Every structure is written in C-alpha cells, then in structure tokens.
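Here the structure is laid out as structure tokens; the discussion comes afterwards.
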Amino acid sequence: MAPQLSRPVRVARALLSVSDKSGLVELARGLARHGVELVASGGTATALRDAGLAVVEVAELTQSPEMLGGRVKTLHPRIHGGLLARRELASDRQDMDANGIRPIDLVVVNLYPFEQTVAKPGVSLEDAIENIDIGGPSMIRSAAKNHAHVAVLTDPADYAAVLAELDANGGALGEATRRSLAVKAFARTGAYDGAIHAWLSKHLVAPPAEETFPERLHIDLPRAQSLRYGENPHQGAALYGGFLEAVESLHGKELSFNNVVDAQAALSLILDFDPADETTLAILKHNTPCGVGAGATPLDAWKAAFATDPDSPFGGIIVVNRAFDLALAQAVDEIFTEVLIAPEFAPDALAFLRKKKNRRLLRYRPERIDRSEPDVRRVFGGLLVQQPDLSHETVAAAQVVTQRKPSEDELRALAFGWKVVKHVKSNAIVFARADRTLAIGGGQTSRVDAVHVASAKAARVGNALAGSVVASDAFFPFPDGLETAVAAGAGACVQPGGSARDAEVIAAADRLGIAMVFTGARHFRH
C-alpha cells in the first residue's frame, strides 16, 4: 500500500532539540495549545520547563541516560524508530509495538553552531570538533526521509507559518508543507556537512605544497532575491548569497542581473582607491570603466571622469569612494544613470536623488566586503575557480627599463592608470594623467587595436593626449602598440613586461624618447 501523501498528518507528538532557542517557547506553547506532547533533551527541556510547559525528557522516553558528556542522547531506536516507521506497513507497526516505540510526528532541530564557531579568530581544533553535531543531523535526516508521516523544522523563521497551518487545519500539517520542510532540511544538513568538510580540509589534512584549493568544492548559498530576468528578457535569473548584506538598496526598482554585474565591477574598481588619499569616482558601462577621475571633492572627481567619454555615461553606473553629496547629485542628475553607488549619501543628496523613482541608489559597506573570496566562473560541467586579482604594484618602485626615467608627475599618472587598467577588459589600454583617465580602449583582439580605439575616442571627444601616460594590462608583443600610443601623445608607459620581444619594445621606447617601467605583474580581465 502506497503512502497517502495527500493526507494531512495530525501532530500528536513533537521532539524538540535546538541549539538556537529563538522562538522556541512561542512554538512550544502553540504546539501545546493543540494538545501536542512535547519531548525534549538537555537545555531545550530546561528552557521549556522554565517557561511553564510540560516536557518529557528524551532520557525518560529512551530509558537510557545521556552519556559521554552529552554526545549520546538521541541516538536510540525509540527516537529513530518513532521517526522512520512507515505507519502504513503492518510489519513496521509490529516492530514498534514489540519494542515500545511510539511515533513522532514533528521534529524541531537546529544544529550545533559549527559555522559560527570556526568563524571566530583563533578557534581551536578541539572547539571545532566538539561543535560537530551528530544526533541533530541524524534526526533531521530520519524525519525528512519519512516526510510522508513526519514534519521537520530546522529554521526558526518557519515556526510561525507552521503554527498558522496547525491553527487553520485543526493541528494537522499538509503534504506540501511536509515536502518543502524536508527539502529544506536536507539542504541544511548538506550545507552543514560541506562546512565541516571545508574547514577540516584546511586544518586536519596537510595539502601538497603546491595545492591552494580544496579537493572538493562546496558551495551553499541561500537565494537572496529572484530577478526579473537575466542578461536578456528571455533568460531567468536569481541572486544568491550575501551581496545585499554588503550592498544596501536605498531607493529605486529591484536590481536586475546586469545591475548586479555592473555594481560588482564598480566596487572592485573603487576599492582599489583609498578614500583617505582623495575622492575617486568611476563611471562604468557594460561591466567596464569608461571614465575614472580624482579630485578634492566628489564633483571635481565627477568632472574629471566624465570628460574621458561624455557619451558613454548615459544609462551607466557611477561609483564614488566618499559620501555622495548634493553638488554631485545635481551634476549627475543632468544625465540618465541606472545605478549610483557610494559608502554614504548626504541626507540632502539622498532626498534630491530620490525624486526619480527608477534611479537605483546603493550604499556599500566596505567592512562587509571580503575581497579575498575566490572568483568563480561557469564552464560546461563544472566551475573555474581562481584567487581574486588583489595584486597592487607600486609603480614608483617598478623597474625602469628605458634610458629616460619618468618624472614625478609621470609616476603619479602611471600609478593612476595602472590601477584603472586592471579593471578594463583585455586587451586593455588606458591613457591617463595623475588625476584622471583620458582615453580607454578595451576588449580588443589585439593590443594595437586597443590603442587605436582609445586614441580615436580621445580625438573624437576632444581630449588631448599630448603629455599623457599609457598603461597596458599585459606586455606589448610588438613595438607597434607602443609606437601608436606615443604617436597619440603618450610620454611614458607602464606595462608588466615579459614578452619575448621586450628588447625590441624597449629599444623603440628609447628611440622615441619616452620613459617606460615594468611592474612584473599582468592584469588580464577576460
């Protein structure tokens, strides 16, 4: 006989064993209101008794004491038999009767706080091991496996909805609820085991010296928000993880897939500029910068960035590393922008910017951004994982490879251009001065083409490149790219070096009378 999954299950007996006791008493009172017998262990039983509720101790139910310092208390046939019994099978009912096992209809369990424990600085291996829950996951899995007859609660956020359903259905829970709770329960135990594996892989097993990534990759992220669509309207999309904890929406429509991608690129760029030095502002379009500027005020930085490319900012993203003030708000209001991002918005600027309902305003919290998180990219059948590009080369200390050394002004300009070029899609070229970009060429299939794109855009918008510097994210494979940049007006160059033809490129630089430095680090952005 098949299980009658469509039949609501009347909850007559519940087992409660929780580490996180938020909402516990309210849930238990709601269950007691429906005449549910409460079974609990250890601290959970104490908390319920202190609230005036009648509780049956697990040890009383099993007729076995807790032992091994509490390590063994629910691992018993009278617990798991009550959870796993198939009530439609006569043989299971006979086993229950023969062994004094009574059914359990609801399990309320959350686990020892392993993730929170290992997140603490300096946690010991002993503390980590002691916070690996054994009985909890076992009960969760038993209940979830037998969801035809048993409901399982692993998240206090679900308590209110379950109580509401019990109230509406005379103390019974329906099939849809039991199924969804079971799926959520298996997700929780899977994430829990993944967290344990990930931590122990780093602390129990010495990896090969050359290995920096785990043998198996566990990714478990909650869905933060369903998105209207992906890159295009025919693509579904959702956002997972804690992005919205680091980036808070202050105004406007919900973020789109493309908004999030652009915001990520904007934040990656702006976090390379220390707000303690000066105000820096970047304008991005399609996940790449089209202008970056610095100045004494946000408005000064905006003017410098906007001058790079007055056409592209329409519909783009603006990010600044200091408070977004009213003067900047009034300036950017003259063009349509999708998203404005800052660590703070002045109250008068926020009120002004909120007048346009479709403009999205985001406040980012640098202290909540972990830049060391790995970069992950999908490939067919798997994922590519790499360390993020957090390398910061000091241009002033880079190797001068030409007869002429860069001047102090040129060094400042080279440093500015070098910070920006790593955020431009390869092949990437940036013409710059000390406080701004002048022209950007990116995403080209040859480096000389990137130079041509940048210099052509500069000529079209009227940006003189004479006396500028040029930054290249990777080496010049031939002298032609450098020669084209110098012909456009560049007087100094920063690049990684490392080409088989470095000597030819250096000779061209000396022949043209420019200064060139090698950083020794490449910054491809594919």
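Computed from the coordinates by the stated procedures, all read-outs in this text should not be read as laboratory data. All values derive from a computational prediction rather than experimental measurement. As a convention, Cβ positions derive from the backbone with ideal geometry for all residues, glycine included, and neighbour counts pool all protein chains shown.
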Total charge dipole magnitude, segment 396-518, about the Cα centre, Cβ charges on Lys, Arg, Asp, Glu only, Debye to nearest 20: 320 debye
Farthest toward positive dipole pole in segment 396-518 [+1 Lys/Arg, -1 Asp/Glu at C-beta], among 468, 481, 443: 443
Sites residue 244 and residue 461 - FRET efficiency at Förster radius 25 Å, r taken between beta-carbons, to 0.05: 0.10
Modelled FRET efficiency - R0 22 Å, residue 49 with residue 99, Cβ distances, 0.05 increments: 0.20
Linear extension gain, residue 229 paired with residue 307, 0.36 nm per residue minus alpha-carbon span: 24.8 nm
Cβ charges +1 (Lys, Arg) and -1 (Asp, Glu), total dipole of the chain, debye: 1260 debye
Calculated [θ] (222 nm, deg cm²/dmol) that DSSP helices of n ≥ 4 give over the chain, each run adding -39,500 (n - 2.57): -11000 deg cm²/dmol
Cα-based Rg of segment 396-518 normalised by 2.2 N^0.38 Å, two decimals: 0.91
At q = 0.10 Å⁻¹, base-10 log of I(q)/I(0) for segment 9-202 (Debye sum, equal scatterers on each alpha carbon): -0.41
Protection proxy ranking, peptides 176-186, 231-241, 371-381, average beta carbon neighbours within 10 Å, highest first: 176-186, 231-241, 371-381
Positive dipole terminus of the chain, leading residue within 122, 270, 112 (C-beta point charges): 112
Cβ crowding within 10 Å averaged over residues, with 49-55, 425-431 ranked highest first: 425-431, 49-55
Ratio of Rg to Rh over segment 247-366 (Cα coordinates, Kirkwood Rh, two decimals): 0.91
Rounded to 10°, Cα long-axis angle of helix 24-33 versus longest principal axis of the chain: 40 degrees
Gyration tensor (Cα) of the chain, equivalent ellipsoid semi-axes in angstrom: 61, 26, 19
Between 0 and 90°, nearest 10: helix 479-488 axis offset from the chain longest Cα axis: 70 degrees
Kirkwood Rh, Cα atoms: Rg over Rh of segment 310-367: 0.94
Length released on extending from residue 254 to residue 277, taking residue separation times 0.36 nm less the Cα-Cα span: 5.0 nm
Charge dipole (the chain, unit charges on Cβ, about Cα centre) - positive-most of 491, 162, 39: 162
Under-5 Å amide H pairs with residue 439, H placed in peptide plane, nonlocal only: 431
Modelled label reach - residue 507, point 7 Å along Cα→Cβ, segment 460-494 residues with backbone N closer than 15 Å: 478-480, 483
Efficiency of FRET between residue 370 and residue 130 - r from beta-carbon atoms, R0 25 angstrom, step 0.05: 0.40
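Multiply the residue separation of residue 351 and residue 449 by 0.36 nm, subtract the distance between their alpha-carbon atoms, and state the gained length in nm to one decimal.
Gain in length upon complete extension: 30.9 nm.
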Degrees, to the nearest 10: 408-421 long Cα axis against longest axis of the chain: 40 degrees
Under 5 Å, built H, 5+ apart or other chain: amide partners of residue 473: 428
